[in-house]
Amino acid sequence: MGLLNSVSFQRLQGGIDAAYKRQNALANNVANQDTPNFKRSDVSFESILQQQESGIQSTLRAKVSNTRHYQFGSNTIVPAAVENTDETTSMNNNDNNVDVDREMALSAENQLRYSSYVEQINSQISMMRAVIQGG
């Protein structure tokens, strides 16, 4: 297993990908704030990852050598980000449900989340570099 193929790196990469997709969805929401019948969308990742982690019981993982074997133990698969469209609400007379103030706040939160993921990756790479270089 390569140094950058660990579960933590895969999860951080998944978070970065989700932040990218979320930013695109939020920008699309703002761009369509006056479009009649437009429904806002958002991207879920962190909640899906948290649900997946809460279901993990064991730290052991079974070795599967045949497709008929059952897999049990830790789940190392990182979930994909899911884009959701809110079809149930309306804020304007034109059935649009985009609140620009909320979208901008979510965009700022997403930027902080993205920066945090990048900072964590940089920190892990710096630690690996220190170990490899011996100091």
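Summary table below
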quantity: Qualifying residue in the range 17-38 (condition: in contact (Cβ under 8 Å) with a residue 12 or more places away in the chain, open to solvent by less than 40 Å² (accessible area, probe 1.4 Å) and closer than 11 Å to P79 by Cα); calculated: yes
quantity: Candidate set from the range 1-16 (those that are open to solvent by 30 Å² or more (accessible area, probe 1.4 Å) and in a loop (DSSP other than H, G, I, E, B)); member that is modelled with the highest pLDDT; calculated: G2
quantity: Counted residues, the range 1-47 - those being of a type in the set (D, E) and over 14 Å from E109 (Cα atoms); calculated: 2
quantity: Flag if V82 is surrounded by 12 or more Cβ atoms within 10 Å (Cβ to Cβ) and either modelled with pLDDT under 90 or touching a helix residue (DSSP H, G or I) at 6+ places or on another chain (Cβ under 6 Å) (or both); calculated: no
quantity: Filter result for D101 (at positive phi and either among the basic types (K, R) or open to solvent by 50 Å² or more (accessible area, probe 1.4 Å) (or both)); calculated: no
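The values are calculated or read from the model by the stated rules, or taken from the named source; none is laboratory data. The structure displayed is predicted, hence computed values, not measured ones. Quick reminder, even Gly has a Cβ in these numbers, built from the backbone with ideal geometry, and neighbours come from all protein chains shown. These accessible areas exclude ligands, DNA and RNA; they are computed on the full protein's heavy atoms, side chains included. Shrake-Rupley method; radii C 1.70, N 1.55, O 1.52, S 1.80 Å.
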